[in-house]
Amino acid sequence: MFSWLKKEGEKSESIENVVEGLKRIYKTKLLPLELHYQFHDFHSPQLEEPDFDAKPMILLVGQYSTGKTTFIKYLLERDFPGIRIGPEPTTDRFIAVMYDEKEGVIPGNALVVDPKKQFRPLSKFGNAFLNRFQCSTVSSPVLKGISIVDTPGILSGEKQRVDRGYDFTGVLEWFAERVDRIILLFDAHKLDISDEFRRSIEALRGHDDKIRIVLNKADMIDHQQLMRVYGALMWSLGKVLQTPEVARVYIGSFWDQPLRYDVNRRLFEDEEQDLFRDMQSLPRNAALRKLNDLIKRARLAKVHAYIVSELRKEMPSMFGKDGKKKELIKNLGQVYDRIQREQQISPGDFPDIKKMQETLANHDFTKFHPLKPKLLEVVDHMLATDIARLMDMIPQEDVNIVSEPLIKVMYDEKEGVIPGNALVVDPKKQFRPLSKFGNAFLNRFQCSTVSSPVLKGISIVDTPGILSGEKQRVDRGYDFTGVLEWFAERVDRIILLFDAHKLDISDEFRRSIEALRGHDDKIRIVLNKADMIDHQQLMRVYGALMWSLGKVLQTPEVARVYIGSFWDQPLRYDVNRRLFEDEEQDLFRDMQSLPRNAALRKLNDLIKRARLAKVHAYIVSELRKEMPSMFGKDGKKKELIKNLGQVYDRIQREQQISPGDFPDIKKMQETLANHDFTKFHPLKPKLLEVVDHMLATDIARLMDMIPQEDVNIVSEPLIKGESLILLTRCY
């Protein structure tokens, strides 16, 4: 059995310093913005000192009799005050199980007035909730590093939901914002997801990175039934969880009784180890999680400020205020779209529109404040400078990766994981522009730092597997192909991986390949798992892949495909061993050349960027020239966008520019629709001359400084220098 007691976490000096820093920057820089725009009325109560000082919390959620309370007992290896266990719905209250030398029970009303604890904002849920809330204090070494929140079993039926007398999902939302882990427990005998459980899961949206799913009591069924039960659970979860990636489910029996069916003992032990290791990492990563949550809060506070100031601006000064308020609430989606365009904010950063409409109905728009840029500048400075300083103080620890985010793997003596929100505010790293893709993306982005000699020369970007189907694409919640484009511009190699058993190119994979257009020189294609088929099948599979690629890749040259089996297991079919070894050598030689040629690649990319910038200048100045000075501007703008191809042709003829140097016309039309053409500048030949001189003189001088090396020279296995590789593949 895994025992938590064998490993006790230590709280380091640096973490305390980070927490103090977070308190200071929140009070002095973010809180003024929140107060000015009534953020706390709409989204989340003001953070107090106990919110920052609190130990990591684990929230247990599940239907009745799924073993939530028994799970806590198993973890602590003992009972706790107020424990009630039974087959019926026994836990009828929220119980915070926390450490204290004096064991006992603190009732809810007393708990929410204790200034040392973080529960004061829960008083807003009223006496009906507070009578069903308590804290059990336990002198357990497990609780020196974490706190655990047990919840009432979720029932089926509308009557039971109403009978609670308080906003159950609202309480769950409050806890979800503040906890470090949310564990959803399922009973192997009760897999139906009731309406209230569905609502509860929906209340946890936006915190997918915190969720872990447990299939409990799995020892009560045999191995054949377990497969069916696991499949049924995944079937149900796939309909409820709005993520295209498959959720990780931990399978086991979390109590202190002997297993009924012993056949899966090894599986249960391994799953238990994985889950408990993940939970043990929480105290080490508490400061990083708090920092990440504060960044998310700051981004939401900025968006909220734009929304309420925009609504204030639209209100009339005298008459018709009520009618205008109703109209603005009804058309809130249009307000979101306008702010999104003007401020270049990702759709994923905006609050839920239905909740926002409900809350706005109870507010007087005339009391909202106009936009105060100074407050926003302070928050921007906080994100760019203060947060980055705090990041350097956090010791990076190894944590388990349980979802499938987009992962940047790079070298660092301190191994660990940096979450996306923290990563994009670090001025030492190149990812700050990725913040434009919003929280939906940043919750799926992280950096794994590894002390590997291979990574002294390169960094590697792993991507989520590309799915088939429009629904899965929409469920990502962010612009996946846009993210790929961003990386494609900056990486040195793009490796497209295909599985020898899955050669179909889905619509999303086709879109992803199209997003890589213009970077054909960086692309390498790999047919992986080729040892799983015999030599005759391999010929057919290779032919089928080339057939498909020929239709998708818009190049007359035949693409080179590297064939092999890139893992550390013995080959299943050994007949092609020599082929696989030669192909692997060729691919790895190509990758080894990257650090030596990094400067040349950067210079080449700068030249491409300069050529595109020149073409862009010709386009926007031409559009500006065509705009009328007084009337008919909107009509002329639509006409110019519609006939953009003719504008391209005219510039091409007059400036002698190749058609291949022009940006994609559809994308350009979409982007132009959100811009005011009258604000474009006329052509400034002097700027173009400077760029021409740079290309003709400065670039040539830099070229002479680069040592020309043979890119195919084999050196020692380690790769040295600074280069970036992007891995893209289907599931």
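The values are calculated or read from the model by the stated rules, or taken from the named source; none is laboratory data. All values derive from a computational prediction rather than experimental measurement. So basically every Cβ, Gly included, is an ideal-geometry build from the backbone, and we count neighbours across all protein chains shown.
Odds and ends about this structure:
- Subset of the range 339-355 (residues that are within 16 Å of E314 (Cα to Cα) and exposed (fewer than 13 other Cβ atoms within 10 Å of the Cβ)): E342
- Every residue from the range 670-709 that is more than 27 Å from K637 (Cα to Cα) and among the polar types (S, T, N, Q): T697, Q708
To keep it simple, each residue is scored yes or no on (1) surrounded by fewer than 17 Cβ atoms within 10 Å (Cβ to Cβ); (2) of a type in the set (A, V, I, L, M, F, W, C); (3) under 30 Å from S448 (Cβ atoms).
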{"position": "S253", "(1), (2), (3)": "no, no, no"}
{"position": "R277", "(1), (2), (3)": "yes, no, yes"}
{"position": "K290", "(1), (2), (3)": "no, no, yes"}
{"position": "E310", "(1), (2), (3)": "no, no, no"}
{"position": "P316", "(1), (2), (3)": "yes, no, no"}
{"position": "L328", "(1), (2), (3)": "no, yes, no"}
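- Taken residue by residue, the range 673-689 has no member that is under 24 Å from G518 (Cα atoms), part of a helix (DSSP H, G or I) and under 39 Å from the mean Cα position of the chain (by Cα).
- Checked against the criterion of being over 29 Å from the mean Cα position of the chain (by Cα) and basic (K, R), the candidates R540, R510 yield just one match: R540.
- Members of the range 566-580 that are loosely packed, with under 12 Cβ neighbours inside 10 Å and either assigned to a helix (DSSP H, G or I) or outside the structural domain of A500 (by TED's automatic domain parsing) (or both): D574, R578
- The range 92-140, residues that are part of a helix (DSSP H, G or I) and polar (S, T, N, Q): N109, S123, N127
- Residues in the range 494-540 that are more than 26 Å from R572 (Cα to Cα) and aromatic (F, W, Y): F509 only.
- Selection of first residues in the range 520-538 that are within 13 Å of D499 (Cβ to Cβ) and of a type in the set (V, I, T) and of second residues that are modelled with pLDDT of 90 or more and in a helix (DSSP H, G or I), restricted to Cβ pairs under 8 Å at least 6 apart or on distinct chains, gives the following pairs, ordered by first then second residue: V526/L587.
- Exactly one residue out of K210, K296, K290, K302 is in contact with a strand residue (DSSP E or B) (Cβ under 7 Å, 6 or more places away or on another chain), in contact (Cβ under 8 Å) with a residue 12 or more places away in the chain and either in the same structural domain as K73 (by TED's automatic domain parsing) or not small (G, A, S) (or both): that is K210.
- V214, sole failed condition from (1) farther than 18 Å from D92 by Cβ; (2) under 34 Å from the mean Cα position of the chain (by Cα); (3) among the aliphatic types (A, V, I, L, M); (4) surrounded by fewer than 21 Cβ atoms within 10 Å (Cβ to Cβ): (4)
- Condition met for L143 (more than 20 Å from G67 (Cα to Cα), in a helix (DSSP H, G or I) and either at pLDDT 90 or above or touching a helix residue (DSSP H, G or I) at 6+ places or on another chain (Cβ under 6 Å) (or both)): no
Here's the yes/no breakdown for (1) touching a helix residue (DSSP H, G or I) at 6+ places or on another chain (Cβ under 6 Å); (2) farther than 21 Å from I72 by Cα; (3) at pLDDT below 90:
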site	(1), (2), (3)
R132	no, no, no
V138	no, no, no
Q160	no, yes, yes
G165	yes, yes, yes
A176	no, no, no
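- Test result for L549, assigned by TED's automatic domain parsing to the domain that holds S459, surrounded by 14 or more Cβ atoms within 10 Å (Cβ to Cβ) and without any contact (Cβ under 8 Å) to a residue 60 or more places away in the chain: yes
- Single residue of the range 192-211 satisfying the filter (acidic (D, E) and under 26 Å from the mean Cα position of the chain (by Cα)) that is farthest from V171 (Cα to Cα): D209
- For beta carbons closer than 9 Å, sequence separation of 6+ or different chains, a first residue in the range 163-182 that is farther than 14 Å from D92 by Cα and a second that is in a helix (DSSP H, G or I) and of a type in the set (S, T, Y), the qualifying pairs are T169/S200; L172/S200.
- Residues in the range 220-276 that are assigned to a loop (DSSP other than H, G, I, E, B) and within 25 Å of G465 (Cβ to Cβ): 8 in all.
- Contact annotation: residue pairs with Cβ atoms under 8 Å, 6 or more positions apart or on different chains, pairing a residue in the range 75-86 that is at pLDDT below 75 with a partner that is crowded, with 16+ Cβ neighbours inside 10 Å, are R84/T69; R84/T91; I85/T69; I85/T70; I85/K73; G86/S65.
- Between D605, D649, D574, D582, the distinction of being on the phi < 0 side of the Ramachandran plot and under 37 Å from the mean Cα position of the chain (by Cα) belongs to D605 only.
- Some residue of the range 552-564 being within 30 Å of Q537 (Cβ to Cβ) and in a helix (DSSP H, G or I): yes
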